[in-house]
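Everything on this sheet refers to the single structure shown next.
The values are calculated or read from the model by the stated rules, or taken from the named source; none is laboratory data. All values derive from a computational prediction rather than experimental measurement. FYI the Cβ positions are ideal-geometry reconstructions off the backbone, even for glycines, and counts take in every protein chain you see. These accessible areas exclude ligands, DNA and RNA; they are computed on the full protein's heavy atoms, side chains included. Shrake-Rupley method; radii C 1.70, N 1.55, O 1.52, S 1.80 Å.
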Amino acid sequence: VQLQASGGGLVQAGGSLRLSCAASGSTTLTYAMGWFRQAPGKDREAVASIVGSGAITGYAVSVKGRFTISRDNAKNTVYLQMSNLKPEDTAVYYCATRASYDVNYVYWGQGTQVTVSS
């Protein structure tokens, strides 16, 4: 599976961005799709995840209510709508996927930079 993330950029605090991650390859390997982020000097953290048809989603406490994850299975693409962005959301955002039989995410995209100015 190859993942191509896009949509990052520079935005002012309170603004919005929409990230996209298009997956190529078997849809079996994209059963679960997730977004992660890593800020300078910090560990990578999970942001949001979506499973199967999209009925099951999960969010980090820090983004719940501000970010929405969704997927278009016909396009094998996952999205992250980010609203009310804060400077602490600044990070490189990565998408990742795994099959239903995998415990951890196996396939990772190249990352897209999100910078939120105060």
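Using the Karplus curve 6.51 cos²θ - 1.76 cosθ + 1.60 with θ = phi - 60°, what ³J(HN,Hα) values do you get for each residue of region 69-83, in whole Hz, with x for Gly and Pro?
9, 8, 8, 10, 5, 5, 9, 6, 10, 10, 10, 9, 8, 10, 10
Once label points are set 7 Å from the Cα along Cα→Cβ at both residue 31 and residue 99, what is their separation, rounded to one decimal in nm?
0.9 nm
What lysines could a cross-link reach from residue 42, if we take a straight Cα to Cα line under 17 Å and drop same-chain neighbours fewer than 8 places away?
Residue 42 reaches 86.
List the relative contact order of region 45-118 as a percent without decimals, with contacts defined as Cα pairs under 8 Å and 6+ residues apart.
The value is 22 percent.
Filter the trypsin sites (Lys or Arg not before Pro) in region 46-78 to those in DSSP coil with at most 16 other Cβ atoms within 10 Å of their Cβ, and list the result.
The qualifying sites are 66, 75.
Could you report the chain's accessible area per residue, 1.4 Å probe, as an integer in Å²?
Details: 6050 Å² over 118 residues.
Heavy-atom SASA per residue in the chain reads 51 Å².
Counting only protein heavy atoms and using a 1.4 Å probe, what share of the accessible area of region 20-118 belongs to carbon plus sulfur, as a whole percent? Present the calculation step by step, with values, prior to reporting the outcome.
Values: 2500 of 4940 Å².
Of the solvent-accessible surface of region 20-118, carbon and sulfur hold 51 percent.
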